[in-house]
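Here's the structure we're looking at; comments come further down.
The values are calculated or read from the model by the stated rules, or taken from the named source; none is laboratory data. All values derive from a computational prediction rather than experimental measurement. Positions of Cβ are backbone-derived with ideal geometry, glycine not excepted, and every protein chain shown enters the neighbour counts.
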Amino acid sequence: MSVYDPLRKELQRRKAETIRLSFSEIEDILRRPLPPSASRFSAWWGNQTSRKGHTQSMAWLLAGFEARVSLKQRVAEFRRL
């Protein structure tokens, strides 16, 4: 089980085509803080399909979404694939 499974489940639960979540909301869903790299590097939010080292992106990809991020606004937008 990945620490990002709660995010995957939350995205799967919602019916919207686009879901916009603040970093704080994501942390609430995860019940833990995001790693510092999530706030510093947009690459952390990349839509990598490799399971090796990219457990966060597998959460939204397996839920049927791709991610876009605004580090300045501290917001992630998930769009249904």
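Looking at Ser2, is it at pLDDT below 95, at negative phi and among the polar types (S, T, N, Q)?
yes
Does Ile19 satisfy the criteria of being over 14 Å from Arg74 (Cβ atoms) and touching a strand residue (DSSP E or B) at 6+ places or on another chain (Cβ under 6 Å)?
Answer is yes for this residue.
For the stretch 46-75, taking the residues that are modelled with pLDDT of 95 or more and charged (D, E, K, R), the one that is nearest to Met1 (Cα to Cα) is identified as Glu66.
For the residues Arg40, Arg31, Arg20, the requirement of being under 21 Å from Leu81 (Cα atoms) and of a type in the set (Lys, Arg) singles out Arg20.
Residues checked against (1) surrounded by 14 or more Cβ atoms within 10 Å (Cβ to Cβ); (2) basic (Lys, Arg); (3) at pLDDT below 95:
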| site | (1), (2), (3) |
| --- | --- |
| Ala16 | no, no, no |
| Arg20 | yes, yes, no |
| Phe41 | no, no, no |
| Trp44 | yes, no, no |
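Ser24 meets the stated requirement of being out of contact with any strand residue (DSSP E or B) (no Cβ under 6 Å at 6 or more places or on another chain), of a type in the set (Gly, Ala, Ser) and modelled with pLDDT of 95 or more.
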